[in-house]
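The block underneath contains the structure these notes are about, expressed in structure tokens.
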């Protein structure tokens, strides 16, 4: 599903997993149940990344690494990107299940208190940035790292401090 997106067939998913389709259906009665489970698993991974970032001392560095890693998880998984844009309630439930917004708030507030992230940034801005970045999987000429850098620059408290961007691809 990461490669094919939501249109992947259960038979293909089973084959990629090296199991029979009956095994997949025993665990997930519908594709929607599978999608819910995948979203929950992804947010568990994001939770781990946030906790790792909070354990690091550097407020900007840990915030930047978290944003970059989160964005890469999002942009490299076609199904997750499709779910984020087409089924936001699924993603909201998965995020709430791990307390994601609270962890993002803690990371953001720590960076703001250190003066490295703009004071007017809000924790809800982060999931919206991820939604915007989710669309990059659709375009073979996109450079997610470029857009992540631009988004991070927009969150910086210090004007004139910019990320070195990768070149534009596929002109």
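The values are calculated or read from the model by the stated rules, or taken from the named source; none is laboratory data. Keep in mind it's a predicted model, so treat the numbers as computed, not measured. So basically every Cβ, Gly included, is an ideal-geometry build from the backbone, and we count neighbours across all protein chains shown.
Among the candidates 93, 110, which residue alone is in contact (Cβ under 8 Å) with a residue 24 or more places away in the chain and either within 21 Å of residue 158 (Cβ to Cβ) or in a loop (DSSP other than H, G, I, E, B) (or both)?
Only one candidate passes the filter, namely 110.
How many residues does region 96-123 contain that are closer than 25 Å to residue 37 by Cα and out of contact with any helix residue (DSSP H, G or I) (no Cβ under 8 Å at 6 or more places or on another chain)?
So the answer is 3.
Hey, any hits in region 73-83 for a residue that's surrounded by 14 or more Cβ atoms within 10 Å (Cβ to Cβ) and modelled with pLDDT of 85 or more?
The answer is yes, given that some residue of region 73-83 is surrounded by 14 or more Cβ atoms within 10 Å (Cβ to Cβ) and modelled with pLDDT of 85 or more.
Return the residue satisfying two criteria in turn: it lies in region 28-72 and is out of contact with any helix residue (DSSP H, G or I) (no Cβ under 7 Å at 6 or more places or on another chain) and closer than 16 Å to residue 96 by Cβ, and of such residues it is modelled with the highest pLDDT.
Filtering region 28-72 for residues that are out of contact with any helix residue (DSSP H, G or I) (no Cβ under 7 Å at 6 or more places or on another chain) and closer than 16 Å to residue 96 by Cβ, the one modelled with the highest pLDDT comes out as 44.
Filter region 4-27 down to residues that are part of a loop (DSSP other than H, G, I, E, B) and under 17 Å from residue 39 (Cβ atoms) and give me whichever is modelled with the highest pLDDT.
Looking at residues that are part of a loop (DSSP other than H, G, I, E, B) and under 17 Å from residue 39 (Cβ atoms), I get 8.
For the list (1) in contact (Cβ under 8 Å) with a residue 12 or more places away in the chain; (2) more than 19 Å from residue 74 (Cα to Cα), I need the number of the one condition that residue 20 fails.
The single condition residue 20 does not satisfy is (1).
Taking residue 10 and the conditions (1) out of contact with any helix residue (DSSP H, G or I) (no Cβ under 6 Å at 6 or more places or on another chain); (2) surrounded by 14 or more Cβ atoms within 10 Å (Cβ to Cβ), which numbered condition does it fall short on, given that it satisfies the others?
Against the list (1) out of contact with any helix residue (DSSP H, G or I) (no Cβ under 6 Å at 6 or more places or on another chain); (2) surrounded by 14 or more Cβ atoms within 10 Å (Cβ to Cβ), residue 10 comes up short only on (1).
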